[in-house]
Amino acid sequence: MCSKRLRRGYSWKQCYQPGKEDDQDEEEAWLTCAENYECSQECLRRLSNRYKVKCYGKSDCETLARIHDGGANGCRSKDTLPYWNIVKQKCPQC
């Protein structure tokens, strides 16, 4: 998986806030998750599984990158293409 970390708190909320303690502030919790490899990976997996149906015909890597960048409709948005192109350059096995 080329994309290893969460980039936005919004993505963390869409993956049901993994790692958040009951008494923890949301801003602090998402930053803590973003800094933790396992938590970030779990969130990215959840996002991919949740929205991959909107990415018909795209590779797993493209699906993950574009959802990671654009959220639920990332695969349908041309605004996520620049990020996908960066991922392809940095991760040729995609």
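Some notes on this structure:
- For region 6-40, taking the residues that are hydrophobic (A, V, I, L, M, F, W, C) and not in a helix (DSSP H, G or I), the one that is surrounded by the most Cβ atoms within 10 Å (Cβ to Cβ) is identified as Leu6.
- Among the candidates Gly74, Gly70, residue that is in contact with a Ser or Thr (Cβ under 6 Å, 6 or more places away or on another chain), at pLDDT 90 or above and in a helix (DSSP H, G or I): Gly74
- Looking at Asp69, Asp79, just one residue is in contact with a helix residue (DSSP H, G or I) (Cβ under 7 Å, 6 or more places away or on another chain), under 21 Å from Pro18 (Cα atoms) and either surrounded by fewer than 20 Cβ atoms within 10 Å (Cβ to Cβ) or in contact (Cβ under 8 Å) with a residue 40 or more places away in the chain (or both), and that residue is Asp69.
- Test: residue in region 28-44 that is of a type in the set (Val, Ile, Thr), in contact with a Gly (Cβ under 7 Å, 6 or more places away or on another chain) and either over 21 Å from Leu81 (Cβ atoms) or modelled with pLDDT of 90 or more (or both): yes
- Scanning region 82-94 for residues that are touching a helix residue (DSSP H, G or I) at 6+ places or on another chain (Cβ under 6 Å) and either closer than 13 Å to Cys55 by Cβ or in a helix (DSSP H, G or I) (or both) returns Tyr83, Trp84, Val87.
- Residue in region 55-65 that is over 22 Å from Lys88 (Cβ atoms) and assigned to a loop (DSSP other than H, G, I, E, B) present: no
- Being buried (at least 16 other Cβ atoms within 10 Å of the Cβ) and on the phi < 0 side of the Ramachandran plot is a property that does not hold for Ile86.
- Cys43 without any contact (Cβ under 8 Å) to a residue 24 or more places away in the chain, out of contact with any His (no Cβ under 7 Å at 6 or more places or on another chain) and surrounded by 14 or more Cβ atoms within 10 Å (Cβ to Cβ): no
- The requirement of being modelled with pLDDT of 90 or more, surrounded by 15 or more Cβ atoms within 10 Å (Cβ to Cβ) and at negative phi is satisfied by Glu62.
The values are calculated or read from the model by the stated rules, or taken from the named source; none is laboratory data. Nothing here was measured: the structure is a model prediction, and the numbers come from that model. Here Cβ is always computed from backbone atoms with ideal geometry, including for glycine, and neighbour counts include all displayed protein chains.
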